[in-house]
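A short worksheet on the structure shown next.
The values are calculated or read from the model by the stated rules, or taken from the named source; none is laboratory data. Every value quoted in this text rests on a predicted model; they were computed, and no experiment measured them. Cβ placement follows ideal geometry from the backbone for every residue including glycine, while neighbour counts extend to all protein chains displayed. Areas reflect the complete protein model, heavy atoms only, side chains present, ligands, DNA and RNA absent. Shrake-Rupley method; radii C 1.70, N 1.55, O 1.52, S 1.80 Å.
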Amino acid sequence: MRCLPPVRTRDELIARHGEAFKWLALTVVGLGTIAAVLATTSFNVAVPALGAYYGLGQHQVQWAITGFMAALTVAMLPTPWLLDRIGFRRLFLGANLLLGVSSVAGALSDSFSFVVAMRTVQGVAAGLLQPLPMLAVMRLFSPGSQGRAHGLLGFGIVLAPAVAPALAGVLLDRFGWPSIFLMSLPFCVIAGILGLYLLPRHEAARRQPFDWQGVGILCAASLLAIDFIASLRGSGLFAPRTSLVLVLSMVCVVAFVRHARRAAAPIVSLDIFAERSFAMAGLVTVVYGFGLYASTYLIPVFLQSALGYDATHAGLALLPSGMLLAVVIPLAGVLTDRYSPRWITVWGLLLFGVSFVLFAWRGRDQLR
């Protein structure tokens with residue numbers, strides 16, 4: 001008796017489901033991506049509870065967040081190679097399964113080191129899933145209908161982190177921090193089951209050698225950079241250990257640049273940075289990422305640790321901004337069709353910066 005559904009080609013699935021196939025497949029990928037986004041944004045509310053449970057300070061508990069983000073960032077790099085090697089279907093289902101298993105294991109953890117380990121595994125799975133929605137839209141939809149597909153997919157992905165902190169706060173107050181690990185699990189299960197039926201089998205592709213050396217150097221650079229930032233709080237900028245970590249991270253950057261110039265197929269080609277628009281977009285993404293992830297981490301921690309909010313109210317405090325984000329993103333898409341994206345980006349970053357000033361001003365008054 002066959003336990004799994006037959007693996008069909010894309011043409012067979014189109015013949016079976018018609019034009020609805022591309023939307024069904026996009027829904028599968030979207031559910032998996034929502035699971036990854038929930039794992040990214042929901043855990044921040046649990047930081048004070050996690051520290052209290054294990055008797056740790058902020059400089060130690062933050063590794064549950066930074067370990068995830070570092071793994072997510074590095075895991076994106078081998079995605080193109082894995083797509084050629086095992087195909088979209090196997091990569092999606094494998095990453096989705098890894099996210100689900102690590103979520104269950106994290107919820108059953110009995111030590112903080114294991115929590116960090118499972119958060120790191122979650123980050124790897126989320127990093128592998130992160131680039132797949134864009135690729136699915138490009139493969140499934142014609143250029144004339146890609147905008148609608150991006151809009152639908154983007155709204156769902158943005159709505160997830162908007163609701164996640166509030167839901168995480170409720171779960172935390174009712175069931176404790178292990179329940180936060182399980183928020184992604186329902187989406188993983190549904191996406192996995194549907195993916196078995198709706199994602200086509202891999203077509204043969206040209207296989208390139210994997211740049212293990214380049215990934216190793218970038219992993220070392222990422223870990224050293226995180227350790228450097230963490231050391232600033234405890235030791236200061238000019239402490240011998242902090243300075244050593246900074247020097248080592250810079251050595252890794254120089255080593256990767258030399259490697260990328262010599263390698264036949266580096267994991268990241270430096271040629272793409274010669275394109276000014278790409279380089280500037282990358283810089284804006286880094287700045288925006290710092291602000292976005294710093295705010296989603298610091299605000300719930302500040303509300304609970306400094307102002308005495310419980311987890312539910314701290315999560316609810318992030319809900320209005322998340323809902324506005326879900327509304328404004330489609331509006332920004334419309335504005336970029338009419339006006340220069342450069343100025344829309346500039347004004348968006350300025351407003352983002354002003355919001356941090358207002359938070360600092362309000363926080364100072366609350367602490368008096």
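Just reorder Leu303, Leu324, Leu232 by solvent-accessible area, largest first, 1.4 Å probe, all chains present.
On the way: Leu303 20, Leu324 110, Leu232 65 Å².
So, going from the largest accessible area down, we get Leu324, Leu232, Leu303.
Could you order Leu26, Leu351 by accessible surface area, starting with the largest, using a probe radius of 1.4 Å?
Working: Leu26 5, Leu351 120 Å².
Result, largest first: Leu351, Leu26.
Taking the 0 to 90 degree range and rounding to the nearest ten, how far is the long axis of helix 276-305 tilted relative to the main principal axis of the chain, both from C-alpha atoms?
50 degrees
Once you compute Rg and the Kirkwood Rh from C-alpha atoms, what is the Rg to Rh ratio for segment 1-96? Kindly include the intermediate steps, with their values, before the conclusion.
Details: Rg = 19.0 Å, Rh = 16.7 Å.
Result: Rg/Rh = 1.14.
Put one equal scatterer on each alpha carbon of segment 46-107, apply the Debye formula with no solvent term, and list log10 I(q)/I(0) at q = 0.13, 0.20 1/Å to two decimals.
-0.50, -0.87
In whole percent, and with a 1.4 Å probe on the protein chains, what portion of the accessible area of the chain is carbon and sulfur? Can you show the working numbers first?
On the way: 14090 of 20370 Å².
Carbon and sulfur atoms account for 69 percent of the accessible area of the chain.
Quick check of the Kirkwood formula: for the chain, what is the inverse mean of 1/r over all pairs of different Cα atoms, in Å?
22.3 Å
Enter the accessible area per residue of segment 241-368 (Å², integer; probe 1.4 Å; all protein chains in place).
Per-residue value: 70 Å².
Any idea of His150's accessible area? Nearest 10 Å², probe 1.4 Å.
Roll a 1.4 Å probe over it and His150 shows about 70 Å².
Sort 273-282, 102-111 by the packing proxy (mean of other Cβ within 10 Å over each peptide's residues), most packed first. Let's see the in-between values first.
Values: 273-282: 10.9, 102-111: 16.3.
Highest to lowest by the protection proxy: 102-111, 273-282.
Determine the dipole magnitude for the chain: charges of +1 sit on the beta-carbon of Lys and Arg, -1 on that of Asp and Glu, nothing else is charged, the reference point is the Cα centre, and the result goes in debye to the nearest 20.
560 debye
When the Debye formula is applied to the Cα atoms of segment 204-351, each taken as the same point scatterer, what base-10 log of I(q)/I(0) results at q = 0.10, 0.17, 0.20 Å⁻¹?
-0.61, -1.15, -1.19
Using mean Cβ contacts within 10 Å as the protection proxy, how do 264-272, 241-249, 178-186, 122-130 order, highest first? Walk me through the numbers before you get to the answer.
Details: 264-272: 13.0, 241-249: 16.1, 178-186: 20.7, 122-130: 25.3.
Ranked by mean Cβ neighbours within 10 Å, highest first: 122-130, 178-186, 241-249, 264-272.
Using helices alone, I'd like the mean residue ellipticity at 222 nm for the chain: each DSSP H run of four-plus residues gives -39500 (n - 2.57), total over residue count, nearest 500. Spell out each step's value before the answer.
Details: 17 runs with 290 residues, N = 368.
Dividing the helical sum by the residues of the chain leaves -26500 deg cm²/dmol.
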